[in-house]
Protein chains: 2
Amino acid sequence: MKKFVNDPKQFVPEMLEGIALANPDTLTYVPEYNLIMRSDAPRDGKVSIVQGSGSGHEPAHVMIVGKGMLDAACPGDVFAAPPMDYVYETTKRLASPAGVLLLVNNYTGDRMAFDMGREMAEADGIRVEILTVDDDVAVKDSLYTIGRRGVAGNFFVIKAVGAASERGADLDELVRIGKKVNDVTRTMGVALTACTPPAKGSPLFELGADEMEFGVGIHGEPGRERRPMTNADAIVDELLEAVASDLPYASGDRVALMINGLGGTPISELYLLYRRAHQQLAARGITVGRSYVNEYCTSLDMAGASLTLVRLDDELDGLLAEPAEVAIRVF
Amino acid sequence: MKKFVNDPKQFVPEMLEGIALANPDTLTYVPEYNLIMRSDAPRDGKVSIVQGSGSGHEPAHVMIVGKGMLDAACPGDVFAAPPMDYVYETTKRLASPAGVLLLVNNYTGDRMAFDMGREMAEADGIRVEILTVDDDVAVKDSLYTIGRRGVAGNFFVIKAVGAASERGADLDELVRIGKKVNDVTRTMGVALTACTPPAKGSPLFELGADEMEFGVGIHGEPGRERRPMTNADAIVDELLEAVASDLPYASGDRVALMINGLGGTPISELYLLYRRAHQQLAARGITVGRSYVNEYCTSLDMAGASLTLVRLDDELDGLLAEPAEVAIRVF
């Protein structure tokens, strides 16, 4: 296994400890519950926003805790939902009189953990809402999901509700905004290689030297089709057609365009994909108002990428433009 | 070849076009010379700062052009120095009465191109200085270098002179600051896998399933030793010893600590490396004042990482803390 790892069982705790050590002034780490939280949370007048899921999707979600984004992240082990008591303890510690908003990608295991954690917290008198993200157009129902999966588009939900929360929005308003973003966000991805979970030590699935998995999930689960590799432009054209025709996005729309790397693909290639997507959107009469080219939601070391569109209006554009401060930084 | 690529000959131009399309308000792209420049450069009172090198090290340097960083980047093809006339044309277009500062990583091919480009520009009456970065402690003299190589530590030179330039520093002052940063910066890296240049279509070198290249260069060139894989902590301890003992960094020092991914290693693993480095520095009585965990200077899709230390004083700390605006963004 060609990875930087010590004991695979300590992979997640050691990563979380690193995040905390690099951000001593702003983040607090609670090892018993894999909890990374803002040191200044909870605050009386502010809804606390929490996202949890399996680990292995970094920077989501443990590296985007901070002002204007998440108040806390509650990760499980690699590709495993957090236990319900982690969700419960996290919700208790983040409990503010304004309430707690739990963001969940639509995977069945995550939904179960968060539904149960929510029940436990509500029994303590904490006001909790859950918002489910399901932006992946690749498949309806899949190995680990009923309905559509939640993937890289969750970044936009987090950014929008994080910004609105800093402005003082209450829990109902955050649920409205989060649903609105999810409703106008669509994603599809493609894998060129499998990923290797530290505990397994070998690739999670087999993919031939000239094959790609079209519509892959963020745990490497199957998508629409396994097919021969094509060139970058042809891949973008197919991803874009699948995504754009789903909402659909139409001439005259203004969108945010995200090219998200899945972990093992260098950013040079992501900009090459961005170029084609931008050009093809222009050809469809769709204007790119905001651009996102980086890693946002990965699948460990998988080579691959996903394409996300968000239909913008003035409200969403304003929320996405707000500043934020998180662990992951360019300088 | 499992890469997002069309015609390998168009890999660099298509990437540059993507960068320009994603930043229409701030960047200008001049295809004839692979030139990415700030749209508001040159400015009369400001020294223009330019870095060039082969491509394949992204985000260095084409994605860090912007306010507070580079005024322009002048890249060659993948792992190839830019032709001298690219350097000359770039310098002419960036010529300001305050002069032009060319930053060059110490690789012989790059130095030749920039020395020649500088001569051509000086013949036109343009004031030019060259600052060479050579932070890699792994080897003295190597396949493509006389002296030490310039690697990820160049980020700190760029950030410091970029910030000083925004404050109005003149060319002599920028050369002083850049040399000062280079003098207190040391780096060493390790490769777990080889990288695949698009034009070659296969790995650049062979590395066994249980081997790593210790002290690797950013083009995959040999370092100190090829040896069996060990765990993450043992790798960090050896990198840190090599780097810290070189300047040396001593008890009582305050440093910036960078864990730089080489392109194919996910950020989860980088934070795991960061954790150990931070702990071992503390054990040596060295305080981490600033933390950098991300990709800064890559080698295409190579799995691996490098560790950089910069000894801080108030002047450098202040310059590194200044804001900047570049193509690559977290949100």
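The values are calculated or read from the model by the stated rules, or taken from the named source; none is laboratory data. All figures in this text were calculated on a predicted structure; none of them were measured in a lab. For neighbour counting, all protein chains shown are included, and Cβ atoms are generated from backbone atoms with ideal geometry for every residue, glycine included. Keep in mind that these areas ignore ligands, DNA and RNA; they rest on the heavy atoms of the full protein, side chains included. Shrake-Rupley method; radii C 1.70, N 1.55, O 1.52, S 1.80 Å.
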Label-point gap, in nm, between B:Glu122 and A:Asp314 - each point 7 angstrom along Cα→Cβ: 5.7
Run through every distinct alpha carbon pair of segment A:59-119 and return the Kirkwood hydrodynamic radius in angstroms, one decimal place. 12.0
Using a 10 angstrom cutoff on alpha carbons, build the Gaussian network for chain B and name the most mobile of B:Val12, B:Val216, B:Val50. B:Val12
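Can you pull the mean other chain C-beta count within 10 Å for peptide B:288-301? Present the calculation step by step, with values, prior to reporting the outcome.
Details: counts 3, 0, 2, 8, 4, 8, 8, 5, 2, 0, 3, 1, 3, 7.
Counting other chains' Cβ atoms within 10 Å and averaging over B:288-301 gives 4.
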When each copy gets a label point 7 Å from Cα toward the beta-carbon at A:Ser39, what are the spacings between them in nm, shortest first? 3.9
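Report the Rg/Rh value for the protein assembly as shown, based on alpha-carbon coordinates and the Kirkwood definition of Rh. Intermediate results must be reported in sequence, preceding the final value.
On the way: Rg = 23.7 Å, Rh = 24.9 Å.
That ratio is 0.95, to two decimals.
How large is the direction-averaged shadow of the alpha-carbon convex hull of chain B, in nm²?
On the way: hull surface 61.6 nm².
Here the figure is 15.4 nm², rounded to one decimal.
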Considering the zone a paramagnetic label at A:Glu173 would reach in this model (a point 7 Å from Cα along the Cα-to-Cβ line), which residues of segment A:85-109 have amide N under 14 Å from it? A:98-99
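What pairs from A:Lys140/A:Lys200; B:Lys46/B:Lys92; B:Lys9/B:Lys92; A:Lys3/A:Lys67 go past 21 Å between their alpha carbons? Write down the numbers at each step before the final one.
Details: A:Lys140/A:Lys200 28 Å; B:Lys46/B:Lys92 15 Å; B:Lys9/B:Lys92 26 Å; A:Lys3/A:Lys67 32 Å.
Long pairs (Cα-Cα over 21 Å): A:Lys140/A:Lys200; B:Lys9/B:Lys92; A:Lys3/A:Lys67.
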Given the candidates B:Gly289, B:Ser299, B:Gly263, the one whose Cα lies deepest towards the positive end of the charge dipole of chain B, counting +1 at each Lys or Arg C-beta and -1 at each Asp or Glu C-beta, is B:Gly289
For n ≥ 4 DSSP H runs only, could you compute -39500 (n - 2.57) per run for the protein assembly as shown, divide by its residues and tell me the 222 nm figure to the nearest 500? -9500 deg cm²/dmol
For q values of 0.17, 0.22, 0.23 Å⁻¹, compute log₁₀ I(q)/I(0) with the Debye formula on a Cα-only model of segment A:106-151, without solvent. -0.53, -0.72, -0.76
Largest fluctuation, A:Val133, A:Val175, A:Val87 only, Gaussian network model of chain A with Cα springs under 10 angstrom, belongs to A:Val175
Where Rh is the Kirkwood radius over the Cα pairs of segment A:1-54, the temperature 4 °C and the viscosity 1.567 mPa s, what D in µm²/s does Stokes-Einstein return? 101
Return one quarter of the surface area of the convex hull spanned by the alpha-carbon atoms of segment B:8-183, equal to its mean projected area, in nm². 9.2
Starting with the highest mean, order A:286-296, A:91-101 by the number of other Cβ atoms within 10 Å, averaged over the residues of each peptide. A:286-296, A:91-101
Among the DSSP beta bridges whose two residues both lie in the protein assembly as shown, what percent are antiparallel, rounded to the nearest 5? 50
Axis proximity, chain B to A: residue whose C-beta lies nearest, plus whole-Å distance: B:Gly264, 2
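Taking the Cα centre of chain A as origin and charging only Cβ (+1 Lys, Arg; -1 Asp, Glu), how large is the dipole, in debye to the nearest 20?
Dipole about the Cα centre, nearest 20: 360 debye.
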Between Rg and the Kirkwood Rh of segment B:142-227, both from Cα atoms, what is the Rg to Rh ratio? 1.12
Let's test this: bin the Cα-Cα distances of segment B:195-331 at 10 Å from zero up to the farthest pair and state each bin's percent. 11, 38, 34, 15, 2
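Compare B:Thr265, B:Thr26 by solvent-accessible area with a 1.4 Å probe and give them largest first, with all protein chains kept in place. Spell out each step's value before the answer.
Details: B:Thr265 5, B:Thr26 75 Å².
Reading off the accessible areas and sorting them downward yields B:Thr26, B:Thr265.
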Charged-residue dipole, Cβ positions (Lys, Arg, Asp, Glu), segment B:8-183 about Cα centre, Debye nearest 20: 380
Most mobile listed residue (A:Thr187, A:Thr298, A:Thr108) in chain A, GNM with C-alpha springs under 10 Å: A:Thr108
Name the residue from B:Gly68, B:Gly125, B:Gln10 whose Cα lies farthest towards the positive end of the charge dipole of segment B:8-183, charges +1 on Cβ of Lys and Arg and -1 on Cβ of Asp and Glu. B:Gly68
Treat every Asp and Glu Cβ in the protein assembly as shown as -1 and every Lys and Arg Cβ as +1, leave all other atoms uncharged, and give the resulting dipole magnitude about the Cα centre to the nearest 20 debye. 120
What gaps in nm, shortest first, separate B:Pro248 from its twins in the other copies when you place the label 7 Å past Cα toward the beta carbon? 6.9
